[in-house]
Amino acid sequence: MGLLVLRLLPLYGAAAAAGGKQEPGTAVVVITGVALVFAILVLLTVILVIEGKVFGAIDRRRPQREAKKAEKAAIKAAKKAGLAQVAVQPPAAPPPAQQPLPPQVEPGIPPEVVAVIAAAVTAASGGAYTLRAVSAAKKGRGQWGLAGVISSTEPF
């Protein structure tokens, strides 16, 4: 314990060794600040991981609860109707999705470029969007580019 105190004394200065009050040195403040920031980041990470697991479990249980409610409602309706047995069937599968139309491509654009753009759109959107048309960029400056040129070249 004494060795630890002796090693920390240079960080607090000579006044701390003599028993006087002195502010901690720069190294102590920096080390404490960095350690505190990383400790809080670790704590926030743990909290977010726990939240993700809790809400993930809730989301996984939701379809099961809805299926049980639908089954109970069907049994209750059958009992009211006077049926002896009820066969509950799962909901029918949705109809197969239509094959998406190929994108409209402006002449002069290679099919490889269209394929790469379509793959990027699908990957970035998780399959929620599809590519419908590809056209070449217009030549010249757009309105925003023209406004930037005017703004930066007008006299003071």
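The values are calculated or read from the model by the stated rules, or taken from the named source; none is laboratory data. Computed from a predicted model, the values in this text were never measured in an experiment. Using ideal geometry, Cβ is built from the backbone for each residue, glycine included, and neighbour counts are taken over all protein chains shown.
Residue count for segment 125-156 under the criterion of being without any contact (Cβ under 8 Å) to a residue 24 or more places away in the chain and either surrounded by fewer than 10 Cβ atoms within 10 Å (Cβ to Cβ) or in a loop (DSSP other than H, G, I, E, B) (or both): the result is 19. Residue check: is Val88 surrounded by 10 or more Cβ atoms within 10 Å (Cβ to Cβ) and either under 32 Å from the mean Cα position of the chain (by Cα) or at pLDDT 80 or above (or both)? For Val88, the condition - surrounded by 10 or more Cβ atoms within 10 Å (Cβ to Cβ) and either under 32 Å from the mean Cα position of the chain (by Cα) or at pLDDT 80 or above (or both) - is not met.
Scanning segment 23-52 for residues that are surrounded by 10 or more Cβ atoms within 10 Å (Cβ to Cβ), out of contact with any helix residue (DSSP H, G or I) (no Cβ under 8 Å at 6 or more places or on another chain) and not hydrophobic (A, V, I, L, M, F, W, C) yields Glu23, Thr32, Gly33, Thr45, Glu51, Gly52.
Scanning segment 4-41 for residues that are at pLDDT below 90 and among the hydrophobic types (A, V, I, L, M, F, W, C) returns Leu4, Val5, Leu6, Leu8, Leu9, Leu11, Ala14, Ala15, Ala16, Ala17, Ala18.
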